[in-house]
1. A:Lys184 fails exactly one of the following numbered conditions: (1) within 18 Å of A:Phe137 (Cβ to Cβ); (2) open to solvent by 80 Å² or more (accessible area, probe 1.4 Å); (3) charged (D, E, K, R). What is the number of that condition?
2. For a quick check of your reading of the model, give me the residue pairs whose first member lies in the stretch B:40-51 and is in contact (Cβ under 8 Å) with a residue 12 or more places away in the chain and within 10 Å of another protein chain (Cβ to nearest Cβ), whose second is open to solvent by less than 40 Å² (accessible area, probe 1.4 Å) and assigned to a helix (DSSP H, G or I), with beta-carbon atoms closer than 9 Å and at least 6 apart or on different chains.
3. Quick one: is A:Ala59 in a helix (DSSP H, G or I) and facing another protein chain (nearest Cβ under 7 Å)?
4. Please indicate, with yes or no, whether at least one residue in the stretch B:36-57 is buried (at least 16 other Cβ atoms within 10 Å of the Cβ) and either away from DNA strand C (no atom under 14 Å from the Cβ) or closer than 23 Å to A:Ala121 by Cα (or both).
5. Among the numbered criteria (1) part of a helix (DSSP H, G or I); (2) open to solvent by 80 Å² or more (accessible area, probe 1.4 Å); (3) within 12 Å of chain A (Cβ to nearest Cβ), which single criterion is violated by B:Cys176?
6. Can you tell me which residues in the stretch A:66-86 are facing another protein chain (nearest Cβ under 7 Å), more than 19 Å from A:Lys125 (Cβ to Cβ) and in contact (Cβ under 8 Å) with a residue 24 or more places away in the chain?
7. In this structure, is A:Leu165 free of Cβ contacts under 8 Å to residues at least 40 places away in the same chain, at the interface with chain B (Cβ under 8 Å from one of its Cβ atoms), in contact with a helix residue (DSSP H, G or I) (Cβ under 9 Å, 6 or more places away or on another chain) and farther than 13 Å from B:Asp162 by Cα?
8. Which of (1) within 24 Å of A:Glu145 (Cα to Cα); (2) among the basic types (Lys, Arg); (3) at pLDDT 90 or above is the odd one out, the single condition B:Lys184 does not satisfy?
Number of protein chains: 2
Amino acid sequence: MASGVDSFYFLSLGFSLLQVVKCDCMKMVRQKIQIKKIDNLTARQVTFSKRRRGVFKKAQELSTLCDAEIALIVFSATGKLFHYSSSSMMQLIERHRGLSENSDKLGQPSLQLLKENNSYAMLSKMLVDKTRELRNFNRQLMGEELQGLDMDELIKLEKMVDGGLNHVVEAKNDKCLKEISLLKKKESKLMEENAKLKKQAEKSEGTGNGIEQSNSSDCTSNSRGSDTSLRLGLPFAN
Amino acid sequence: MASGVDSFYFLSLGFSLLQVVKCDCMKMVRQKIQIKKIDNLTARQVTFSKRRRGVFKKAQELSTLCDAEIALIVFSATGKLFHYSSSSMMQLIERHRGLSENSDKLGQPSLQLLKENNSYAMLSKMLVDKTRELRNFNRQLMGEELQGLDMDELIKLEKMVDGGLNHVVEAKNDKCLKEISLLKKKESKLMEENAKLKKQAEKSEGTGNGIEQSNSSDCTSNSRGSDTSLRLGLPFAN
DNA sequence: ACATCTATGTTTAGGCT
DNA sequence: GAGCCTAAACATAGATG
């Protein structure tokens, strides 16, 4: 809407007959606020809710746009916790601790500490690399990070993923067939049993006791998974 | 400035002499961006710098306005650390730990490790986990680790990989078409030039100097990659 | 890499439901 | 609270120095 009004208007001809009236008909709705604690409790809560969402959104955007790793922890005045992290909160906190620990100690760090810190830094870097690797691959599969690649790379990637897909489909088909054959076996067994029972019933028909077979529906209960992505250990989980 | 233009203008009198011309003289300066990793490195760095400042400002404002306690940790893609906390970072992190340790996922370091506060050990464990995660995924795509999965999981995996394949193929086709059209353009340009040169040659035929055009063959040199898997940052590399 | 500018795009204060 | 609306305030993409 703003874009419609925001453009410039030129009057191509001006006899003094015409007059341009600037109309500020709406009363002022919003004024600049100063950054200090909001007095009114409800207003403060509302603002907290609104701005909190804003900050989290900005943090996520920054992480996505610029490939940054971000951890954000917010406690409301009432003690409620809100948090976000682009990867693992723990990992980020640990890295932070490792890096800012140096500045804690003003005294001379011992050789021991130096060594530790050194390998710590290395470990930290390796972890970062692994995390990024995982994230990049995710992005490539999700189709985000594909514009930067040239034909050679795309073809290579396609072959790789296609191969993976084949493997998965193969395994799936295999599993499927096995499960089907298993079920068929079960079925024939049951039918056999069923027939036997019917015969028996016919023999002793004096009681009038009709036996019906219930198609046991839980024979595939093992294919009921809880959280698949968790069990798969896939990077897509987050 | 915007406020001056944003108001409404009424023309109080209109003989048909007057004319209001809407003028969109300026070219579009800014377009809506989508939230995905910025391709261009420098643009990404600039955006990181700008937006980082924005997020930190927002966090501080939220803290001040609403009396909230906030900890914000940001690692740039290059590993540089930026952080802010409204009070004590350690205190906030500890509080966060205390509250969120219940929801500890399986993949996270054990409570024992946490209690020992041994960040080195923890980092080490996280690295191992990440590596395992990556390796598992590799194996799944390579078809090694698929027997353990049941139908549901396999189908989910298939969908995921299939989706990824689609993305890749799409990107590839896109790139391919673009490259082809570019080459065609170049071709027609060259042919035009060629024709011109021929004409010239015919005109000044006295010298007998036949001009031949060399079809520049390196116009696609950008699609020559060195080690693809490395540049892709794929887990398949090892 | 940083500062500045400007024209947007986005957030949000204040109001209402 | 949570959601919606509007217009003012604010953030920032893209360009430039």
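The values are calculated or read from the model by the stated rules, or taken from the named source; none is laboratory data. These figures come from a predicted structure and were not determined experimentally. In this analysis, Cβ positions are derived from the backbone assuming ideal geometry, glycine residues included, and neighbour counts consider all displayed protein chains. Just so you know, the surface numbers come from the protein's heavy atoms only, side chains and all, with ligands and any DNA or RNA stripped out. Shrake-Rupley method; radii C 1.70, N 1.55, O 1.52, S 1.80 Å.
1. The single condition A:Lys184 does not satisfy is (1).
2. B:Arg44/A:Leu65; B:Arg44/A:Cys66; B:Phe48/A:Leu62; B:Phe48/A:Leu65; B:Phe48/A:Cys66
3. Values: in a helix (DSSP H, G or I): yes; facing another protein chain (nearest Cβ under 7 Å): yes.
So A:Ala59 passes the test.
4. Yes, some residue in the stretch B:36-57 is buried (at least 16 other Cβ atoms within 10 Å of the Cβ) and either away from DNA strand C (no atom under 14 Å from the Cβ) or closer than 23 Å to A:Ala121 by Cα (or both).
5. Going through the list (1) part of a helix (DSSP H, G or I); (2) open to solvent by 80 Å² or more (accessible area, probe 1.4 Å); (3) within 12 Å of chain A (Cβ to nearest Cβ), B:Cys176 breaks only (2).
6. A:Ser76, A:Ala77 - these are the residues of the stretch A:66-86 that are facing another protein chain (nearest Cβ under 7 Å), more than 19 Å from A:Lys125 (Cβ to Cβ) and in contact (Cβ under 8 Å) with a residue 24 or more places away in the chain.
7. Details: free of Cβ contacts under 8 Å to residues at least 40 places away in the same chain: yes; at the interface with chain B (Cβ under 8 Å from one of its Cβ atoms): yes; in contact with a helix residue (DSSP H, G or I) (Cβ under 9 Å, 6 or more places away or on another chain): yes; farther than 13 Å from B:Asp162 by Cα: no.
No; evaluated as a whole, the condition is false for this residue.
8. Evaluating B:Lys184 over (1) within 24 Å of A:Glu145 (Cα to Cα); (2) among the basic types (Lys, Arg); (3) at pLDDT 90 or above leaves (1) as the failure.
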